[in-house]
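For reference, the structure discussed in these notes is given below.
Each value in this text was obtained by applying a stated rule to the coordinates, not by laboratory testing. What you see is a predicted model, and the numbers here were worked out from it, not measured in a lab. Heads up, the Cβs are rebuilt from the backbone with ideal geometry, glycines too, and the neighbour counts pull from every protein chain shown.
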Amino acid sequence: MKRRIEYQILGYLGFQPSNTATPLWRTSEEILGRGLAFTDTAGLTLHLLAKLKKQADFAKLPVILQQRLERNFRDNCKRTDAARQEFIQFNQLLQAQGIRYLNLKGLVLYPDFVDSRQNRVQYDHDFLIRQEDLPRAYELFLGLGYSPLGSSAKLAAGHLPTLLRKTGWVWKGDLYDPAIPRAIELHCQLWEPDFDLIPIRSLDNVWQDSTLVRFPSLSIPVLSRKHTLLYCVLHAFRHLLRNDLRLSHLYELAFFLEHHHSNEDFWKKFFASIAHCPRSQRAVATMFELACQVFAVSPVSGIQHFIDDHLSSAGDLWIRKYGWRESVHCYRQSKAPIFLHLDFVTGHSLQWAVIRRKIIPRRLPLPSFGVQVSPEKQGLSFRMLKGLHYGRQLFQRSCFHFLSLIKLLIQFPEWYFKLRRHKKETPVSTRKAAYEKARGLSR
């Protein structure tokens, strides 16, 4: 039985030698094209291109796919250059206004989490703003021509409604389009316990531990290295629980683990910084193990011991059962993350609250088509097209919720039966073999 192209690509992107039976370039052009559609959605296409060139495999691909990948890279370089100019401008303006802020994610993740800024696709700028400075920061960006999207405080977890310029840009199916406007997200906190019902306190002192870095000649404030890693872990964890994790976030964690494993002093400080928060420790262990399994990282003994000590039985079982198998869908085709979510929530009332939220959507999805076009420029034909697009969006989401609910009702008894058996502590020595078996069943 041939292995799915998505699994082949993940195996190829792994940080340890892959035993993939069929090399990517021996796959048909049609199947490879399907694989690239997957990496586009997962945010991995440009990382794949870099690996193909590094391994001297790029020239073995069909010419049309080589051209496609090169075009994607050139377009993203233009996007990255534009984002860099905006980034410098925003930092200068915030500093000139005396607004206390920290840069989050985006361009500052290089070089710890990616090998090149040009290989990371970025769609927004994120800033953590002091609570008392939020109104001034918000007005600053409104004055630059940004306007809030139609979201509410309840939809925007930990940040104000997303800000976007009405440039008139319309989606044309190209994720690398240099003209895609980048949004602004002004965060007031890095974790919102009331939204996911999981109390996490290990990011409370980020302001005291923040630092300054050069970019390239400008001094900008950022999270400390240990808080940057923790925030990336919790950011990926939150999106996993909400069924919208991009695999690129998981890849960045795997990249960090692979390239910084020997810094014993850093890991000692990092683990000490979350020692007071058991849920942070469990979330870190879960996401580290998931990143290691999906992208074939072999952590050093110190990191592996931490994972073994803090990965719960439910987390271990979830990664074994769903972690690899559902990675090719970016964890978006079922509601299986609910089982992981329930492991972090204490008390029957809160667990039922999580179940209700997952099973019964609390609100309609936000429209995504034409949000960059101002209302006065939306003619009748445009509004009709926008309505059709939103109708399709509603239909797709309804189908997802209906089908995933049926699947979930079947999975629930199976999950709890297996979890009760699994809680008889599984020897660590058998875990890796179990993961390899799960990989084999997914082929």
TODO: Given the options Glu376, Glu139, Glu192, state which has the largest fluctuation in a GNM of the chain using a 10 Å cut-off (strictly under) for Cα springs.
DONE: Glu376
Open item on the list: Could you identify which residue out of Leu218, Leu163, Leu102 has the top mean-square fluctuation in a GNM of the chain using Cα springs shorter than 10 Å?
Closed with: Leu218
Open item on the list: To make sure I understand, if each residue's beta carbon is the centre and we count other beta carbons within 10 Å, what order do Trp415, Trp352 fall in, fewest to most?
Closed with: Trp352, Trp415
Open item on the list: Using the Kirkwood formula on the Cα atoms of the chain, what hydrodynamic radius do you get, in angstrom to one decimal?
Closed with: 23.3
- [ ] Report the residue, chosen from Ala236, Ala96, Ala291, that carries the largest GNM mean-square fluctuation when the chain is represented by alpha-carbon nodes joined by springs under 10 Å.
- [x] Ala96
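How high is the relative contact order of the chain? Use alpha-carbon pairs under 8 Å, at least six apart in sequence, and give a whole percent.
Numbers: 505 pairs, mean separation 72.7, N = 443.
Averaging sequence separation for qualifying contacts and normalising by length gives 16 percent for the chain.
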Task: Helix-only CD estimate at 222 nm, as mean residue ellipticity for the chain, using -39500 (n - 2.57) per DSSP H run (n ≥ 4) - done: -17000 deg cm²/dmol
Task: Residues His348, His305, His47, sorted so that the one with the fewest Cβ neighbours within 10 Å comes first - done: His348, His305, His47
Task: Cut-off under 5 Å, modelled amide H: who pairs with Phe215 long-range - done: Ile220
TODO: Give the distance, in whole Å, between the Cα centre of the stretch 224-295 and the Cα centre of the stretch 347-381.
DONE: 28
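Rank the residues Lys166, Lys269 as a footprinting-exposure proxy: fewest other Cβ atoms within 10 Å of their Cβ go first.
On the way: Lys166 17, Lys269 13.
So the residues, fewest neighbours to most, are Lys269, Lys166.
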Open item on the list: Rg over Rh of the stretch 224-443, using C-alpha atoms and the Kirkwood radius, what does it come to?
Closed with: 1.03
Open item on the list: Roughly how far apart, in whole Å, are the Cα centres of the stretch 18-61 and the stretch 101-118?
Closed with: 24
